[in-house]
Amino acid sequence: MGLKEQLEQLRQKHLEEIQKAVDLKEVNAQRVNLLGKKGALTEILRGMKDLTNEERPVVGSLANKIRDEFTQAIAKKTEEIEIAKTAKKLEKERIDVTLPGTAIKAGQPHILMQVIDDIEKLFLGMGYSVVDGPEVEEDHYNFEMLNLPQDHPARDMQDTFYITKQLLMRTQTSPVQARTMEKHDFSKGPLKMISPGKVYRRDTDDATHSHQFHQIEGLVIDKHITMADLKGTLEAIAKTAFGEEREIRLRPSYFPFTEPSAEVDVSCFRCGGEGCNVCKQTGWIEVLGCGMVHPNVLEMAGIDSKVYGGFAFGLGPDRFAMLKYGVDDIREFYLNDVRFLSQFNQKG
Ligand code: 2U9
């Protein structure tokens, strides 16, 4: 058989075989068998030296043509196999993008923080500053500067966590106000502040007492401050915390740091004032304490009580939250049981 016929036979056979290959390994074997150094095509071309001068270019060009055909067929088959491989992989890894995702449970601020945030927003809107201070406090700022003299019952070891004779866990947030008042430069304008935070009392914990609870105290000092300013401010708190329809009333009371002093009742948010078990049939609920800043307190901070005056108030976010949400045990706020806390998700 002449070289030309051998080439034609080779072409026929191997184009078919390349076509039949099922994986890249087989295609590669074909490449080596055909086009490699010891491949069939190379082998045949070795016989070219025995051809006549007329035959050689004809056979040579046929051989080149066949080599190109093989190369092309191999490239095409390689691509086919690779595409099929990818398609198979995609099919296996198919995901349903329309399936709903796994919902991640969102948390929310602690209910006490929600109550504090609402009141902070109200006061920031009225131009007050929100001021923080130390929870471990000096006797001087916690008691002395607030007109609680040495022998005052509130300073009793029974009621206060003392660390040393002079250091204690603050029993109110008033020392923050005392510190701010002392530093305030009245040539730059009035002092308007609230101080929210944790306070500590030596109490035995029960449903209505906690050795640690929260307070928000407010203080305004300027010239010409009256009790009418105080009452308007208290009304704003009552409406923000308990609803726009609420009214307030003041009853005379006593605090060492204010004179006159008053307790503040809000009209019952449950019955609207008719009388129910929330307001114990009175129509009113006690929610705040307040008064006009005692001249001694002003003078101790270096403020001239003949020129300046002010009002102050204090409230308990724990009590606000208990009333508003019908929580009957203050300890619930400090147990950090998510089953309790997640009930107060503002987003529902
Ligand atoms: C300065 C001067 C005066 C803060 C005040 C009250 C009345 C009050 C209690 C309410 C319930 C605390 O959370 S509670 O237990 N507070 O009744 N607090 S006037 O008066 C101040 C504070 C600072 C320098």
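The values are calculated or read from the model by the stated rules, or taken from the named source; none is laboratory data. Being a predicted model, the structure only gives us computed values, none of them experimental. Here Cβ is always computed from backbone atoms with ideal geometry, including for glycine, and neighbour counts include all displayed protein chains. Accessible surface areas use protein heavy atoms only, side chains included; no ligands, DNA or RNA. Shrake-Rupley method; radii C 1.70, N 1.55, O 1.52, S 1.80 Å.
Between Pro317, Pro256, Pro57, which gets the highest mean-square fluctuation from a Gaussian network model of the chain, Cα cutoff 10 Å? Judging by the Gaussian network model, the answer is Pro57.
Comparing Gly275, Gly60, Gly302 in a Gaussian network model of the chain, where Cα atoms under 10 Å apart are tied by springs, the biggest mean-square fluctuation is seen for Gly60.
The Cα-based radius of gyration of the stretch 3-92, divided by its Kirkwood radius, gives an Rg/Rh of 1.11. Here the chain is treated with +1 on each Lys and Arg Cβ and -1 on each Asp and Glu Cβ, and its dipole about the Cα centre works out to around 2160 debye. Output the pairs from Lys4/Lys76; Lys223/Lys306; Lys37/Lys77; Lys13/Lys65; Lys105/Lys324 with a Cα-Cα distance over 18 Å in this structure; if there are none, say none. Pairs exceeding 18 Å: Lys4/Lys76; Lys37/Lys77; Lys105/Lys324.
I want to verify a result. In a Gaussian network model of the chain, Cα cutoff 10 Å, which of these has the top mean-square fluctuation: Asp117, Asp206, Asp96? Of the options given, Asp96 has the highest mean-square fluctuation. In the context of the full set of protein chains, the stretch 111-341 has a per residue accessible area of 49 Å² (1.4 Å probe). Take the Cβ-Cβ distance between Lys38 and Ala87 as r, set R0 to 30 Å, and report the resulting FRET efficiency rounded to the nearest 0.05. So, using R0 = 30 Å, E works out to roughly 0.25.
As an equivalent ellipsoid, the chain spans semi-axes of 94, 24, 19 angstrom, where each value is the square root of five times an eigenvalue of the C-alpha gyration tensor, largest first.
Computed over the stretch 130-284, the percent of Cα pairs more than 28 Å apart is 31. Dividing the convex hull volume of the alpha-carbon atoms in the stretch 75-197 by its residue count gives 315 Å³ per residue. Across the stretch 1-131, Cα pairs under 8 Å and at least six residues apart give a relative contact order of 26 percent.
Per q in 0.12, 0.15, 0.19 1/Å, what log10 I(q)/I(0) does a Debye calculation on the alpha-carbon atoms of the stretch 195-284 return? Result of the Debye calculation: -0.52, -0.80, -1.16.
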